[in-house]
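Down below is the structure, laid out as structure tokens.
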Amino acid sequence: MTPDRLRAALRGVPDPQWLDAALRRVATEPTAIGRFFAAAARRCGRLPVPDPPGWTADEAARALLLTALPHGHAAAAETLYRQGDAAEKRGVLRALPLLPIGAECVPLLHDAIRTNDTRLVAAALGPYARHLEQATWRQAVLKCVFTGVPLAVVDGLPERADGELARMLAAFAAERHAAGRDMPADATDLLRRLTIPTTEA
């Protein structure tokens, strides 16, 4: 994901002039980002954009606003996340992989994963989740399975899934079976792919 790709996705927003002006303003006056961030949904809409898949117009606009900052990205992301509503929090989480912040904002992922908001959990498991410790990441994947979040949202899942995640999934599958309930199809498929190599070996 790149800012240019997000800009292309937002060419058809209801008020593109507003977005252009907001980005210029934030680049020269970073403290202005708060009011533009809050207004993004009203001025750009909340509809899904065709590309990148899974993004909405307000999320893309908010991510662009954060990338437009000349400095202080981590501090701004922290403030906007803590003070924002659920949609604004998702905008911050979506933006994190695009910002020069290293692992500074991992606590925001921890917060999102602890919530019962499945859209926040999904947003937290994008590319920035590479900074999560493996144990925390596994628990987040299991939470996706438990809450019905499609595993397709988990960035890097095929490369990062390991034997311990397979063990956790198998235990969860056994619990579901005992309760007369099925595992989600994507979780069943992942468990199969994680265990078949071991069986064949």
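Structural remarks
- Using R0 = 22 Å, the C-beta based FRET efficiency linking Ala135 and Asp51 works out to 0.05.
- Taking amide H as placed 1.01 Å from N in the peptide plane, Thr56 has its amide H under 5 Å from the amide H of Val49, each at least 5 places away in sequence or on another chain.
- Only helices reaching 18 angstrom along their own axis (Cα) with mean Kyte-Doolittle hydropathy no lower than -1.0 count here, and for the DSSP H runs of the chain these are 16-28, 134-147, 163-178, 185-200.
- Gyration tensor (alpha-carbon) shape descriptor, the chain, a/c threshold 1.5: prolate
- Gaussian network model of the chain, springs between alpha carbon atoms under 10 Å - residue of Ile33, Ile101, Ile113 with greatest fluctuation: Ile101
- Within the listed set Glu88, Glu59, Glu29, the residue fluctuating most in the Gaussian network model of the chain (springs between alpha-carbon atoms under 10 angstrom) is Glu29.
- Inter-centroid distance (Cα atoms) of segment 2-78 relative to segment 120-198, Å: 31 Å
- Residues considered: Ala74, Ala140, Ala124. Largest GNM mean-square fluctuation over the chain, using C-alpha springs under 10 Å, is found at Ala74.
- Between Thr31 and Ala185, the simple spin-label model (points 7 angstrom out along Cα→Cβ) gives 5.4 nm.
- A 1.4 Å probe run over the protein chains yields, for the chain, 51 Å² of accessible area per residue, whole-number rounding.
- Here segment 2-52 is treated with +1 on each Lys and Arg Cβ and -1 on each Asp and Glu Cβ, and its dipole about the Cα centre works out to around 120 debye.
- Extension gain, Asp20 to Thr147: 0.36 nm times the residue separation minus the Cα-Cα distance gives 41.9 nm.
The values are calculated or read from the model by the stated rules, or taken from the named source; none is laboratory data. The shown structure was predicted, so the numbers you read here are calculated from the model rather than taken from an experiment. When we count neighbours, we look across all protein chains shown, and the Cβ atoms used for this are built from the backbone with ideal geometry, even at glycine. The protein model used for the area step is the full one, side chains on, heavy atoms only, and it has no ligands, DNA or RNA in it. Shrake-Rupley method; radii C 1.70, N 1.55, O 1.52, S 1.80 Å.
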